1. Using only C-alpha positions, report the orientation-averaged shadow area of the convex hull of the chain, nm², one decimal.
2. Using just the helices of the chain, give the 222 nm mean residue ellipticity in deg cm²/dmol: DSSP H runs with n ≥ 4 each add -39,500 (n - 2.57), and the total is spread over all residues, rounded to 500.
3. How about residue 61: which lysines have a C-alpha closer than 22 Å to its C-alpha, ignoring those fewer than 8 places off in the same chain?
4. Rounded to the nearest 0.05, what FRET efficiency do residue 1 and residue 97 give with R0 = 25 Å and r taken as the Cβ-Cβ distance? Could you check?
5. In debye, nearest 20, what is the charge dipole magnitude of the chain about its Cα centre with +1 on Lys and Arg Cβ and -1 on Asp and Glu Cβ, if you could check?
6. Rounded to the nearest 0.05, what FRET efficiency do residue 37 and residue 8 have when you use their Cβ-Cβ distance and R0 = 25 Å?
7. Tell me, what is a quarter of the convex hull surface for the C-alpha atoms of the stretch 1-57, in nm² with one decimal?
8. Under a straight-distance cross-link criterion of Cα-Cα below 23 Å, which lysines are reachable from residue 82, leaving out those fewer than 8 residues away in the same chain?
Amino acid sequence: MIAKAEAKFLRLSPSKVRQVIDVIRHKSVIEAGAILKNLNKRPKEYLIKILNQAAANAKVKGFNPEQLYISKLVCNEGPRWKRFKAAAFGRASPIKKRTSHISMELDIRQGRKGD
């Protein structure tokens with residue numbers, strides 16, 4: 001792990017964030033940024049910020065963002081906000097507003113046999 005960045009208590013459903021995360025996992029920083037820029041999903045805004053934070057952390061340590069890739073990208077569930085909505089016959093139905101914790105780690109791409 002060269003650099004790390006995380007965001008907590010984001011008002012996004014973890015299942016929806018994981019759909020976007022699966023697209024960019026194990027990609028280079030440049031390629032992941034390009035993919036996120038052209039994606040039409042709400043979590044992309046938060047993931048771009050986290051990617052830029054991690055790249056800036058690596059740059060402070062003296063690494064070039066072009067040689068880095070996303071080695072670990074995880075979205076865990078945060079606490080749920082519990083609310084209630086009025087239902088028929090004077091009842092109430094629960095609403096669970098989910099939150100997410102996203103953690104990203106960057107590492108240097110080692111030379112592979114195919115490269």
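1. Orientation-averaged projected area of the Cα hull: 8.6 nm².
2. Using -39500 (n - 2.57) per qualifying helix, the result is -10000 deg cm²/dmol.
3. 4, 27, 49, 72
4. That gives a FRET efficiency of 0.20.
5. For this selection, approximately 780 debye.
6. 0.55
7. Quarter of the Cα hull surface area: 3.9 nm².
8. 8, 16, 96, 97
A short reminder: the numbers here are calculations on the coordinates, not readings from a lab. Not measured: the values here are computed from a predicted model. Because the Cβ atoms are built from the backbone with ideal geometry, glycine has one as well, and the counts that use them run over all protein chains shown.
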